[in-house]
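These notes are about the structure you will find just below.
Every number in this text was worked out from the coordinates using simple rules, so none of it is lab data. All figures in this text were calculated on a predicted structure; none of them were measured in a lab. Cβ sites come from the backbone with ideal geometry, for glycine too, and all protein chains shown count toward neighbours.
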Amino acid sequence: MTDVLDINVSKITASKLKHLRQEDLPFGKYFTDHMLEADFENGEWRNIEIKPYQPLLIEPSNSALHYGQAIFEGIKAFRNHDGEAYIFRPYENFIRFNLSAQRMCMPEVSEELFIEGMRRLIEIDKEWIPLKNDHSLYIRPLMFATDSALGVKPSETYKFLIMLSPVGPFHAVPMKIAVEEHYTRAAPGGVGFSKNAGNYGGSMLPAMLARKQGYDQVLWTDAFEHKWLQEVGMMNIGFIINGVFITPDLGDTILNGVTRSSVITILQDIGIKTEERRISIDEVVEAYNKGTLNEVFGMGTAAVISLIKELKYKNTVMHFDTSNFTTALKVKHKLNEIRHGLIKDKYGWMFKI
Ligand SMILES: *Cc1c(COP(=O)(O)O)cnc(C)c1O
């Protein structure tokens with residue numbers, strides 16, 4: 001990567017860091033001193049700036065607000081005991097961001113802008129990366145349309161932003177999940193594989209209805225039969241059945257999670273068989289009844305691994321003792337050790353800042 005990125009840097013006069021209470025860092029609530037901002041105009045990214053975190057000024061006719069050309073990413077950075085800072089697998093997010101951009105008819109970003117821009121921004125706000133175990137700096141790249149016009153067409157101008165948020169441990173209480181039989185998150189030919197804002201908007205009502213029934217989230221099923229499993233909330237889903245890890249295979253209805261792919265690599269390395277294939281709720285219920293369903297968990301950057309203690313489908317309520325989820329707990333532990341620099345990064349996942 002050539003360092004050709006011309007960034008205009010303007011720094012804050014007094015850091016807000018001293019006001020941050022490290023013991024209370026809810027997900028995505030506090031932001032660091034600086035942000036990166038760039039504009040897409042006349043077919044190219046320009047005005048690349050790192051500047052104090054601040055509000056944006058947009059017109060009411062901003063087309064992203066009306067027609068939803070908005071995509072994002074979620075990545076984490078860590079500091080190890082020597083004070084060195086690392087980003088976890090940012091190239092995977094870079095590739096995925098551009099896939100989302102293509103699907104939403106938005107311009108791609110260069111590796112320099114995405115990776116080098118992120119690196120420079122974090123370098124400036126490095127002190128904000130929490131040092132405590134299970135803490136990290138959450139990185140949120142975002143792109144949205146900025147044309148001010150109500151005509152329905154791809155915008156000609158866009159904004160790219162990177163913001164940083166120090167986060168504490170995601171409250172890892174085991175979840176209760178209801179299998180979704182009515183609503184759909186993603187259908188073939190749709191946008192389920194892309195990380196666009198609308199996917200999240202559309203998932204809120206089903207999630208809220210599940211919460212009213214006492215469940216934390218829904219397990220999404222396919223649009224036609226509501227039987228083939230897709231994802232859990234905004235995480236990928238994994239099962240251990242008879243000692244084998246099974247997760248739905250990728251297609252345009254499943255988001256290609258970096259955590260999912262990391263889990264598969266680690267499991268294969270520790271000798272656990274992995275299968276990426278179609279899996280139905282009937283297969284899961286049958287395994288539960290036979291006593292061969294060992295573990296169920298979600299995978300994603302924010303919570304890493306989320307254990308599932310209850311799964312409801314029609315009149316069947318499946319209960320699990322998550323303290324027996326040895327495989328999920330082992331993988332979570334390994335991932336954390338790699339990310340915090342406690343063991344050798346044998347897969348080359350940690351990108352040094
Ligand atoms: C972001 C996301 C995931 C998790 O992806 P990671 O790269 O592991 O963070 C899974 N499913 C959906 C729908 C997502 O938006």
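Rounded to the nearest Hz, the phi-derived 3J(HN,Hα) couplings of the stretch 162-167 under the Karplus curve 6.51 cos²θ - 1.76 cosθ + 1.60 (θ = phi - 60°) are 10, 10, 10, 9, x, 10, where x marks glycine and proline. Listed by chain and number, the aspartates and glutamates placed with their C-alpha closer than 14 angstrom to that of residue 153 amount to none; residues fewer than eight positions away on the same chain are left out.
The phi torsions of the stretch 314-330, fed into the Karplus equation with coefficients 6.51, -1.76 and 1.60 and a -60° offset, translate into couplings of 6, 8, 8, 10, 9, 10, 10, 8, 5, 6, 8, 7, 5, 5, 4, 5, 5 Hz, rounded to whole numbers, with Gly and Pro shown as x. The smallest convex shape that holds all Cα atoms of the stretch 8-169, its convex hull, gives 120 Å³ per residue. Among residues other than residue 335 with Cβ under 15 Å from its Cβ, the summed charge is +4 (Lys and Arg +1, Asp and Glu -1).
For every other residue with a beta carbon closer than 10 angstrom to the beta carbon of residue 349, add +1 if it is Lys or Arg and -1 if Asp or Glu, then tell me the sum. Overall, the nearby charge balance is +1. Count Lys and Arg as plus one, Asp and Glu as minus one, and take only other residues whose Cβ is under 10 Å from that of residue 301; the net charge is then +1. Contact order for the chain, expressed relative to its length and based on alpha carbon pairs under 8 Å spaced 6+ residues apart, stands at 18 percent.
With the convex hull drawn around the C-alpha atoms of the stretch 238-353, the volume per residue stands at 118 Å³. In the calculated pair distance distribution of the chain, what percentage of Cα-Cα distances lie above 29 Å? Beyond 29 Å sits 43 percent of the P(r) for the chain.
Across the stretch 10-123, Cα pairs under 8 Å and at least six residues apart give a relative contact order of 20 percent.
Exceeding 23 Å between C-alpha atoms, which entries from my cross-link table qualify? They are 16/76; 126/332; 132/273. Pairs exceeding the cut-off: 126/332; 132/273. Given their separation in residues at 0.36 nm each and the Cα-Cα distance between them, residue 319 and residue 84 gain 80.4 nm when the chain is fully extended. Could you tell me which of rounded, prolate or oblate describes the stretch 117-244, using a ≥ b ≥ c as the square roots of the eigenvalues of the alpha-carbon gyration tensor, with rounded for a/c under 1.5 and, failing that, prolate when a/b is larger than b/c and oblate otherwise? Oblate.
Spatial offset of the stretch 231-253 relative to the stretch 169-187 amounts to 13 Å, using the alpha carbon center of each.
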